[in-house]
Amino acid sequence: MAYERYERFRVLLVGARKRAGVTQEELAARLGRPQSYVSKSERGERRLDVVEFVEIALALGLDPVELLRAYVSDRVDAAQD
């Protein structure tokens, strides 16, 4: 169950990055991290903590609170299916 929830979170973040028109390399540069950091995070090889999540959202020019709202909304919709 927890894996499925984190998978939804990862999909949300990858989609947000792609909709923002930002590559993994560009995001990594904005974060001051190697591209492998973004790749591993997006593939689920490493989990993000809340501070990292906020840094990524801001680096994408997005409101972290709105992203969390989208995640919670998606979870509610999935529970109703």
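Quick notes on this one:
- Bins of 5 Å, starting at 0 and running to the largest distance - Cα pair percent for the chain: 3, 15, 27, 28, 16, 8, 3, 1
- Taking GluC sites (Glu not before Pro) across segment 4-81, the ones in a DSSP loop with at most 11 further Cβ atoms lying within 10 angstrom of their Cβ are Glu45.
- Placing Ser39, Ser73 in order of accessible area, with the largest value first and a 1.4 Å probe, yields Ser73, Ser39.
- Mean-square fluctuations from a GNM of the chain, with a 10 angstrom spring cutoff on Cα atoms, peak among Val65, Val22, Val38 at Val65.
- About the Cα centre, charge dipole magnitude for the chain (Lys/Arg +1, Asp/Glu -1 at Cβ), debye: 160 debye
The values are calculated or read from the model by the stated rules, or taken from the named source; none is laboratory data. Worth saying up front: this structure is predicted, and the values here are computed from it rather than measured. Neighbour counts are summed over all protein chains in view; Cβ atoms, including those assigned to glycine, are modelled from backbone coordinates with ideal geometry. Just the protein is used for accessible areas: all its heavy atoms, side chains included, with ligands, DNA and RNA removed. Shrake-Rupley method; radii C 1.70, N 1.55, O 1.52, S 1.80 Å.
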